Amino acid sequence: MIISSVIMISFVAFAPQESTKTYVNVITASAADSMTKPVLIKRQAYSNKIEAGVKNLTSFSSKTTFEVYVNGRYVRKYTWQALKKDNYINITDDGKLYLKASTKYKVTVKAVNGSAKSESSVLNVKTAAKTYYHIDKNVQLYSFKNGRFKKSSKTKASVAVSGTLTTDKNKHVAGQSKNIGGANYVLINEGDHKGKYVKVGKGVKRTPERKARIKTAVDYAASMNGGRYVWGGTKYKATDCCGLTMQAYRKAGVNMYNSVYSQAKMGKAVSLKNIEAGDLIICNNYGHVAMYIGGGKIVHAMSTYYGIRIQPLANIKYCGKINTIRRIL
């Protein structure tokens, strides 16, 4: 390949006693028409949203724009500054393109700077089966009657539940490929508020499925605080230690046996230093299990005398030596 060059000569004036010097800068013309390829990485995939990042964003000029395509169809454009600020490409809810659940999509990005263009390799992404939303406490709930959304009660606690995006006319947007309007409401599909709606916005945001399921297990386990210890029990607020953790994780869609030893084999082992909410602490020679619920606290069914209690994590030392800590999800 023949590379043409443009030679630019600039004359620099120095103090009178010095002679004039000439400096030569050589710029390769073909370099102005070539760009490095954007490197796409998957950040998160929900049932109705794909988040992707440009791994090598700093390799591009701040004047570069990035055109986003899904299955070869143009979706949207980002400036370099906007992409740097947001830190990811957001593919969702444009009123014209709504993704389907459990579907494979091909995402590409074309970088453009003047006459220079460069396209990324294809990023293959499969959307999740469900999208989960974290809904804060005191968020307004709505019902849909006679073609209108009407206010009902408010959430009494934060929840993490699966939901379906709908328009102001309560039209589900999943899989739509034409302009049907913005998706401004979420239909709650599970939990105490099943069948109610919340507005997209403050206090309502998507959350990864794993995080949502862990919150469900932790919240359910913590809600048993003050209950009775019942040896071999598997009822709400009337259970033994492994019955408590079994019930909590079943709420999150994980099946467990009512056995400490069996639960000690599930998931993967983690250290006490790296413990996270939802992790199970197996101790007392595989005779007791407690759940870490975050914030330096555990919940466990202790004994017929103490019942079910939330306590500081440090109190686990009174339950015997820790045998293993298991991360279930």
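See the values below:
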read-out: The range 68-89 and the range 201-230: distance between their alpha carbon centers, rounded to Å; value: 34 Å
read-out: Unsatisfied cross-links (Cα-Cα over 23 Å) in the set K106/K215; K84/K211; K106/K196; K137/K235; K137/K194; value: K106/K215; K84/K211; K106/K196; K137/K235
read-out: Listed residue (V75, Q263, V186) projecting farthest to the positive dipole end of the chain, Cβ model; value: V186
read-out: Structure-derived Kirkwood radius over Cα pairs in Å: which label, when the choices are (1) 20.9; (2) 24.1; (3) 22.8; value: (2)
read-out: Per residue accessible area of the range 115-202, 1.4 Å probe, in Å²; value: 57 Å²
read-out: Most mobile listed residue (P208, P312, P38) in the chain, GNM with C-alpha springs under 10 Å; value: P312
read-out: For the range 39-188, size of Cβ-based charge dipole, Lys and Arg +1, Asp and Glu -1, in debye; value: 360 debye
read-out: Debye, to nearest 20: dipole size of the chain, +1 on Lys, Arg Cβ, -1 on Asp, Glu Cβ; value: 1180 debye
read-out: Nearest-20 debye value, the range 177-243 charge dipole, Cβ charges on Lys, Arg, Asp, Glu; value: 340 debye
read-out: Relative contact order for the range 176-329, counting Cα pairs under 8 Å that sit 6 or more residues apart, in percent; value: 22 percent
read-out: Förster radius 45 Å - calculated FRET efficiency between K265 and K199 (Cβ-Cβ, nearest 0.05); value: 0.55
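The values are calculated or read from the model by the stated rules, or taken from the named source; none is laboratory data. Fair warning: this is a prediction, and the values are worked out from it, not measured in the lab. For neighbour counting, all protein chains shown are included, and Cβ atoms are generated from backbone atoms with ideal geometry for every residue, glycine included. Areas reflect the complete protein model, heavy atoms only, side chains present, ligands, DNA and RNA absent. Shrake-Rupley method; radii C 1.70, N 1.55, O 1.52, S 1.80 Å.
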